[in-house]
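Novice: Once you've had a glance at the structure underneath, I'll fire off some questions.
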Amino acid sequence: MTEHPAVSAAVVRGGTAYVVPDPVRAPLPHRALGTALPDPLAWHEPVPGFPVAGINRTETEFLHREVWADNAYLRHGIALPDGAVVVDAGANIGMFSLFAAAHSPGATIIAVEPLPEAAAAVAANAALHGADVTVVAAAVGDRAGEAEFTFYPGNTVMSGRFADAAEDQAVLHAYLVTGDTGADLSGLVADRMAPVVRRVPVTTLSAVIGERTVDLLKLDVEKAEEEALAGIDDATWPRIRQIAVEVHDLDGRLRRTLDLLADKGFSTAHDQDPRLVDTPCHTVYGRRPDARPGNGVTWAPPPDLAAELGVDRVVFVRSLDEVPEEQAGSRTPAAAVLAEVWAGLFGPDAVHPDADFFALGGNSLTAVRLIAQVEDRLGEDVLAPDTVFTATRLADLTAALEDAVR
């Protein structure tokens, strides 16, 4: 195993290879291990060998799928030229900023994000991946100032100036149950949508853009899109060549946004993620006829080191001293119940301490099934709804469950 060029040292425990990455052949994992992140940030790998600083694993996975796998923003002719100037408004942890940097060599990116935790993630991700990103720690609106901002720590992507807890819970519930209406998600949704209200600075898009010509404005600001667009003055509009904006179609907002962009000289289109058909969320695209053409650059993910090494999973560590010892001994009753439920969801071969819920293909609906089956055997509220998303390894989830039933 150590003959692989990306591996400096390694040991295998229960199908998991604990690998000390080579600083030259595996630079991203090596640098991530050497970078301390402030709470509540942690390094996640939405694809193997591609570390991203995020607030929680589920959102990091969601954002990667939306931006990279589904290519949510480069559709209907929207493209990135070399050296693009990109404004990523509503950047969250900066997933689209990383995408733009990877697809446009020499890109200059301005990431606008009001949540300090998410803004810190943008800066960490830009530094790790060598992207030219300037972080503006503010919300965008029709005028500069301050505003109340509702932060959902368990679901930061829906945080915003115009958040409504009941309405946002309904949207999240509709997203989660698409294709599987038999699951009871009320507890999970309520837990992940507990709001915290903060005061944040507000700026305008004209102030962010300044005198630049912008190749792409990406705008995802959770129901504040009309106010954000109103903060673009007449002198700035002609210097925005392309735009991709998430629109919440409330009271005719989709039609108004399409009309506004057409009036400003854009050809427009819009679509909706099939998983969001029961929500008001749409994406609107606008492109000027003289926008710079795309460069055709595509991004290849890093090689799947686990597959190359012939193991189920790879965990990067700074040294082999960090590798946990193999566990022996009989299971507690709670651990036995969880192992049985886990085997029913993922198969008996997946029952080992380092098995990871998300690496095995788990998602929100799988989490609901797991929690419901455990509670049916051990009693209600033995697992908080979000525990599966924070203790993702079977060993960690077992420890949390055993603490709860003591």
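Novice: For region 196-224, how many residues meet the condition of being under 20 Å from Tyr152 (Cβ atoms) and in contact with a helix residue (DSSP H, G or I) (Cβ under 7 Å, 6 or more places away or on another chain)? Can you show your working first?
Specialist: In the first step, residues of region 196-224 are kept if they are under 20 Å from Tyr152 (Cβ atoms); the result is 196-202, 219-224.
Now drop any that are not in contact with a helix residue (DSSP H, G or I) (Cβ under 7 Å, 6 or more places away or on another chain), which leaves 219, 221-222.
The total comes to 3.
Novice: Moving to a separate point now. Of everything in region 77-89, what is in contact with a strand residue (DSSP E or B) (Cβ under 9 Å, 6 or more places away or on another chain), open to solvent by less than 20 Å² (accessible area, probe 1.4 Å) and not charged (D, E, K, R)? Give them in sequence order. If you could, list the steps in order and put the result at the bottom.
Specialist: Here is the first cut: in region 77-89, the ones in contact with a strand residue (DSSP E or B) (Cβ under 9 Å, 6 or more places away or on another chain) are 77-80, 83-89.
This time we only want the ones that are open to solvent by less than 20 Å² (accessible area, probe 1.4 Å), so: 78, 80, 84, 86-89.
Hits for region 77-89 are Ile78, Leu80, Ala84, Val86, Val87, Ala89.
Novice: A further question follows. When you scan region 342-406 for helices (runs of 4 or more DSSP H) that lie fully inside it, which ones turn up with 2 or more residues that are under 25 Å from Phe316 (Cβ atoms) and not aliphatic (A, V, I, L, M)? Lay out the reasoning, then the answer.
Specialist: On the way: elements: 364-378, 387-390, 394-405.
Output list reads 387-390, 394-405.
Novice: If you don't mind, another one. Would you confirm whether any residue within region 274-297 is among the polar types (S, T, N, Q), out of contact with any Asp or Glu (no Cβ under 6 Å at 6 or more places or on another chain) and open to solvent by 40 Å² or more (accessible area, probe 1.4 Å)? Lay out the reasoning, then the answer.
Specialist: Taking region 274-297 first, the residues among the polar types (S, T, N, Q) are 279, 283, 295.
Now drop any that are not out of contact with any Asp or Glu (no Cβ under 6 Å at 6 or more places or on another chain), which leaves 279.
Narrowing further to those that are open to solvent by 40 Å² or more (accessible area, probe 1.4 Å): none.
The answer is no, given that none of the residues of region 274-297 is among the polar types (S, T, N, Q), out of contact with any Asp or Glu (no Cβ under 6 Å at 6 or more places or on another chain) and open to solvent by 40 Å² or more (accessible area, probe 1.4 Å).
Novice: Which ones in region 240-272 are among the basic types (Lys, Arg) and open to solvent by 50 Å² or more (accessible area, probe 1.4 Å)? Before you say what the answer is, go through the steps one by one.
Specialist: The first filter runs over region 240-272 and keeps only residues among the basic types (Lys, Arg), leaving 241, 253, 255-256, 264.
If the condition is that a residue be among the basic types (Lys, Arg) and open to solvent by 50 Å² or more (accessible area, probe 1.4 Å), then Arg255, Arg256, Lys264 are the ones that fit.
Novice: I need the full set of residues from region 1-38 which are surrounded by fewer than 17 Cβ atoms within 10 Å (Cβ to Cβ), of a type in the set (A, V, I, L, M) and not in a strand (DSSP E or B), in order please.
Specialist: Correct list: Met1, Val24, Ala36, Leu37.
Novice: From the list Leu41, Leu63, Leu74, pick out the single residue that is farther than 23 Å from Leu276 by Cβ, surrounded by 19 or more Cβ atoms within 10 Å (Cβ to Cβ) and at pLDDT 85 or above.
Specialist: On the way: Leu63 fails: farther than 23 Å from Leu276 by Cβ; Leu74 fails: farther than 23 Å from Leu276 by Cβ.
Unique residue meeting the criteria: Leu41.
Novice: Which pairs do you get when a residue that is in contact (Cβ under 8 Å) with a residue 40 or more places away in the chain and over 12 Å from Ile240 (Cβ atoms), found in region 196-218, comes within reach of a residue that is in a helix (DSSP H, G or I) and open to solvent by less than 20 Å² (accessible area, probe 1.4 Å), reach meaning Cβ atoms under 9 angstrom, with the pair 6+ apart or on two chains?
Specialist: Thr204/Ala228
Listed here are the residues, each with its yes/no results for (1) part of a loop (DSSP other than H, G, I, E, B); (2) at pLDDT 95 or above; (3) under 27 Å from the mean Cα position of the chain (by Cα); (4) over 30 Å from Val12 (Cβ atoms).
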| site | (1), (2), (3), (4) |
| --- | --- |
| Val245 | no, yes, yes, yes |
| Arg256 | no, yes, no, yes |
| Leu260 | no, yes, no, yes |
| Asp278 | yes, no, yes, yes |
| Val284 | no, yes, yes, yes |
| Pro289 | yes, yes, no, yes |
| Asn295 | yes, yes, yes, yes |
| Pro302 | yes, no, yes, no |
| Glu308 | no, no, yes, no |
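Novice: Can you find, within region 104-119, the residue that is most open to solvent (accessible area, probe 1.4 Å) among those that are in contact with a Phe, Trp or Tyr (Cβ under 9 Å, 6 or more places away or on another chain) and touching a residue at least 40 places away in the same chain (Cβ under 8 Å)?
Specialist: Out of the qualifying residues, it is Glu117.
Novice: Return a yes/no flag: does region 62-76 have any residue that is under 21 Å from Thr213 (Cα atoms) and among the small types (Gly, Ala, Ser).
Specialist: no
The values are calculated or read from the model by the stated rules, or taken from the named source; none is laboratory data. Just so we're clear, the structure is a prediction, and the values are computed from it rather than from any experiment. Using ideal geometry, Cβ is built from the backbone for each residue, glycine included, and neighbour counts are taken over all protein chains shown. Note: areas computed on protein heavy atoms with side chains; ligands, DNA, RNA excluded. Shrake-Rupley method; radii C 1.70, N 1.55, O 1.52, S 1.80 Å.
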